[in-house]
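Visitor: The structure's right below; bear with me while I get my questions together.
The values are calculated or read from the model by the stated rules, or taken from the named source; none is laboratory data. All values reported here derive from a predicted model rather than from experimental measurement. Note that we place each Cβ from the backbone using ideal geometry, even for glycine, and neighbour counts take in every protein chain shown. What goes into the accessible areas is simple: the full protein's heavy atoms, side chains included, and nothing from ligands, DNA or RNA. Shrake-Rupley method; radii C 1.70, N 1.55, O 1.52, S 1.80 Å.
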Amino acid sequence: MNERPGGTTFQGRPMTLLGETLNVGDRAPDFTAVDPDMGTVGLSWAPETVRVLCSVPSVDTPVCDRQTRVLGSEIAALPGAELLTLSVDLPFAQRRWCGASGLEGIIASDHRELSFGRAYGVAVKELRLLSRALFVVDAEDTVRHVQYVAASDGPADHEAVLKAVRDCL
């Protein structure tokens, strides 16, 4: 497993990311995560659509909550595009978050295997969390936008992601 020391920071401290760095043009790797109802979800959860894979440390933090809500509403307005936010929060906590937010079907847990985290290079070794990152994958499973956020507790560039999605539609 590739280790990238200093690949992100968390509360100002450098952290090591596990997995390969993805680039635009790469084939999107498959993964196995768990939805809030304990079902399995992977890259094929929304076939033949543009998918935004949003990696966050925890939906129970203000920055992650806001990012998921903003992207959830923006992407819902784009026919042919879907959002999936992934964290290592337990599915039970994610179900609670979905109920409180009113957003369903846009979240999954990578707590079991860190399958997504390792495949997309966002697993934080020291904390067993996911770092903040955004990936746009087109209908042919090609990565069209990659955004590894330098500080896991900092904001992402939502406009760049939305532009990438519109360019794929």
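Visitor: Select, from G7, G19, G25, the only residue that is open to solvent by less than 40 Å² (accessible area, probe 1.4 Å), touching a residue at least 40 places away in the same chain (Cβ under 8 Å) and at positive phi. Show your work before the answer.
Guide: Details: G7 fails: at positive phi; G25 fails: open to solvent by less than 40 Å² (accessible area, probe 1.4 Å).
Answer to the selection: G19.
Visitor: In the range 10-30, how many are at pLDDT 95 or above and touching a strand residue (DSSP E or B) at 6+ places or on another chain (Cβ under 8 Å)? Walk me through how you get there before you give the answer.
Guide: First pass over the range 10-30, keeping only residues at pLDDT 95 or above: 13-19, 21-30.
If we keep only those that are touching a strand residue (DSSP E or B) at 6+ places or on another chain (Cβ under 8 Å) too, we end up with 14-19, 21-28.
Residues that pass the stated criteria total 14.
Visitor: Just one of A139, A119, A150, A164 is farther than 23 Å from R95 by Cα, out of contact with any helix residue (DSSP H, G or I) (no Cβ under 7 Å at 6 or more places or on another chain), modelled with pLDDT under 95 and open to solvent by 10 Å² or more (accessible area, probe 1.4 Å); which is it? Even if it seems obvious, please write down each step before you answer.
Guide: Values: A139 fails: modelled with pLDDT under 95; A119 fails: modelled with pLDDT under 95; A164 fails: modelled with pLDDT under 95.
From the options A139, A119, A150, A164, the qualifying one is A150.
Visitor: Picking from V70, V52, V59, V63, which residue would you name as being among the β-branched types (V, I, T), under 17 Å from A164 (Cβ atoms) and either part of a loop (DSSP other than H, G, I, E, B) or open to solvent by 10 Å² or more (accessible area, probe 1.4 Å) (or both)? Even if it seems obvious, please write down each step before you answer.
Guide: Values: V52 fails: either part of a loop (DSSP other than H, G, I, E, B) or open to solvent by 10 Å² or more (accessible area, probe 1.4 Å) (or both); V59 fails: under 17 Å from A164 (Cβ atoms); V63 fails: under 17 Å from A164 (Cβ atoms).
After ruling out the rest, the residue left standing is V70.
Visitor: Still on this structure, I have one more. Find the strands (runs of 3 or more DSSP E) located wholly in the range 79-169 whose residues include 2 or more that are within 15 Å of D37 (Cα to Cα) and touching a Pro at 6+ places or on another chain (Cβ under 7 Å), and list them. Even if it seems obvious, please write down each step before you answer.
Guide: On the way: elements: 81-87, 107-109, 133-137, 143-148.
Of the strands (runs of 3 or more DSSP E) lying wholly inside the range 79-169, those with at least 2 residues that are within 15 Å of D37 (Cα to Cα) and touching a Pro at 6+ places or on another chain (Cβ under 7 Å) span 107-109.
Visitor: Right, here's the next one. Of everything in the range 28-47 that's open to solvent by 70 Å² or more (accessible area, probe 1.4 Å) and either of a type in the set (S, T, Y) or under 14 Å from the mean Cα position of the chain (by Cα) (or both), which residue is nearest to A76 (Cα to Cα)? Write out each step before concluding.
Guide: First, the residues of the range 28-47 that are open to solvent by 70 Å² or more (accessible area, probe 1.4 Å): 30, 37-38, 40, 44, 47.
So of that shortlist, the ones also either of a type in the set (S, T, Y) or under 14 Å from the mean Cα position of the chain (by Cα) (or both) come out as 30, 40, 44.
Details: D30: 23, T40: 22, S44: 18 Å.
Once the filter is applied, the top-ranked residue is S44.
Visitor: Tally the residues that are touching a residue at least 40 places away in the same chain (Cβ under 8 Å) and out of contact with any strand residue (DSSP E or B) (no Cβ under 8 Å at 6 or more places or on another chain), restricting the search to the range 48-65. Walk me through it before giving the result.
Guide: Step one: filter the range 48-65 for residues touching a residue at least 40 places away in the same chain (Cβ under 8 Å), giving 48-59, 61, 63-64.
Pick out the ones that are also out of contact with any strand residue (DSSP E or B) (no Cβ under 8 Å at 6 or more places or on another chain) and you get 48, 61, 63.
Number of matching residues: 3.
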